[in-house]
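Enquirer: Got a structure for you, questions after.
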Amino acid sequence: MAIPEQMLSETRSPAAGKIPRHVAIIMDGNGRWAAARLLPRVEGHRRGVEAVRRTVRACRELGIGYLTLYSFSSENWSRPPDEVGDLMGLIRRFIRKDLADLHASNVRVRIIGMREGLDPDIGAMLQEAEALTALNTGLVLVFAFNYGARQEILAAVRQAASAIADGRLAPEALNPETFARYLDTAEIPDPDLIIRTSGEQRLSNFLLWQAAYAEFVFTPVLWPDFDRAALESAIAEFSGRDRRFGGRRAAGSP
Ligand code: FPP
């Protein structure tokens, strides 16, 4: 039997053991970081952007292929308008300030999530980030922005259903691989490791389909404090896990 694609997805580095090909992060705890310092929440988000920069650099240095960051969920619109405005402002500033550096570092930017409902200037900036970096061959940096996994899955179901109705797809041809092509993450391998910061232990509508065989690491570190050491410690934990993808260990292995 062929070896499942996921089992081929990790590389080994002498320094850090098994390195996941795709790391996805639920960046949580910005508000608590700020509250603990009697600072406004926006300060936690600002420091969160610095943690994004550190994490992108660390992933590049460690040779990770894909980094997905849960930056704004479909449900985040329910936050007070001031906070939503602050988060949109930070995204705008991040793209304006960091896009050239990301491009120079050979990073390819991809965006998953719904473009509808975004301010037109943000939509245009996201498109520009993807277009400018489309041919880069280094780290693929995926921003989940205005993203919700249930919405993503439903949109994919709608597309697959219409392909079947039009006769472009035979019902029997619909399987996990063909279905995944309709998801926003088409051509992005499933995450090997999902990290959530701040001690919370849930997926919050993040990559529900893609997380089927991911390893989870929950760390108490608040997102603004996340750094290379915290990333390496999550990778070390991942490295010690026995991933079987529903199968069994080979006979004779420990
Ligand atoms: C969760 O903290 C974090 C968010 C809702 C947004 C994450 C956004 C950033 C790190 C900044 C912008 C990102 C980019 C990519 C430039 P929380 O507010 O839910 O924290 P809490 O649970 O402690 O209140």
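Laboratory data are not the source of any read-out in this text; all were calculated from the coordinates shown. Computed from a predicted model, the values in this text were never measured in an experiment. Ideal geometry is used to build each Cβ from the backbone, glycine not excepted, and the neighbour counts take in all protein chains shown.
Enquirer: Taking R0 as 45 Å, what FRET efficiency do you get between R96 and R244 from their Cβ-Cβ distance, rounded to the nearest 0.05?
Expert: Numbers: r = 45 Å, r/R0 = 1.00.
FRET efficiency, R96 to R244: 0.50.
Enquirer: Let me ask something additional. Within the set of other residues whose C-beta is less than 9 Å from the C-beta of T185, count the net charge using Lys and Arg as +1 and Asp and Glu as -1.
Expert: Surrounding charge for T185 is -3.
Enquirer: A further question follows. Treat the count of other C-beta atoms within 10 Å as a stand-in for reagent exposure and order H103, H22 from fewest to most.
Expert: H103, H22
Enquirer: Which value, in Å to one decimal place, does the Kirkwood hydrodynamic radius take for the chain when every pair of different Cα atoms is included? Display every interim value, and only then the final one.
Expert: Details: mean 1/r = 0.0517 Å⁻¹.
So the Kirkwood estimate lands at 19.4 Å.
Enquirer: Another question about this same structure. Counting Lys and Arg as +1 and Asp and Glu as -1, what is the net charge of the other residues whose Cβ lies under 12 Å from the Cβ of A156?
Expert: For residues surrounding A156, the net value is +1.
Enquirer: In addition: How large is the helix-only mean residue ellipticity at 222 nm for the chain, computed as the sum of -39500 (n - 2.57) over DSSP H runs with n ≥ 4, divided by its residue count, in deg cm²/dmol to the nearest 500?
Expert: -13000 deg cm²/dmol
Enquirer: Need one word for segment 103-254: rounded, prolate or oblate. Basis is the Cα gyration tensor (sqrt eigenvalues a ≥ b ≥ c); a/c below 1.5 gives rounded, then a/b vs b/c decides.
Expert: Oblate, because a/c is 1.5 or more while a/b does not exceed b/c.
Enquirer: Using the membrane-span-like helix rule (whole DSSP H runs, Cα extent along the own axis of at least 15 Å, mean Kyte-Doolittle hydropathy at least 1.0), which helices of the chain qualify?
Expert: In the chain, no H run is both long and hydrophobic enough.
Enquirer: Can I ask one more? Separation of segment 144-197 and segment 79-112 by C-alpha centroid, Å?
Expert: Taking the Cα centre of segment 79-112 as reference, the centre of segment 144-197 is 25 Å away.
Enquirer: Note down the relative contact order for segment 150-236 as a percent, whole number, built from C-alpha pairs under 8 angstrom at least six residues apart.
Expert: Values: 73 pairs, mean separation 22.7, N = 87.
Worked out over segment 150-236, it gives 26 percent.
Enquirer: Which value, in Å to one decimal place, does the Kirkwood hydrodynamic radius take for segment 56-137 when every pair of different Cα atoms is included?
Expert: Evaluated over segment 56-137, this radius sits at 13.9 Å.
Enquirer: With bins 5 Å wide starting at 0, give me the P(r) of segment 10-156 over every alpha carbon pair, in whole percents.
Expert: 2, 9, 17, 21, 20, 15, 10, 4, 1, 0
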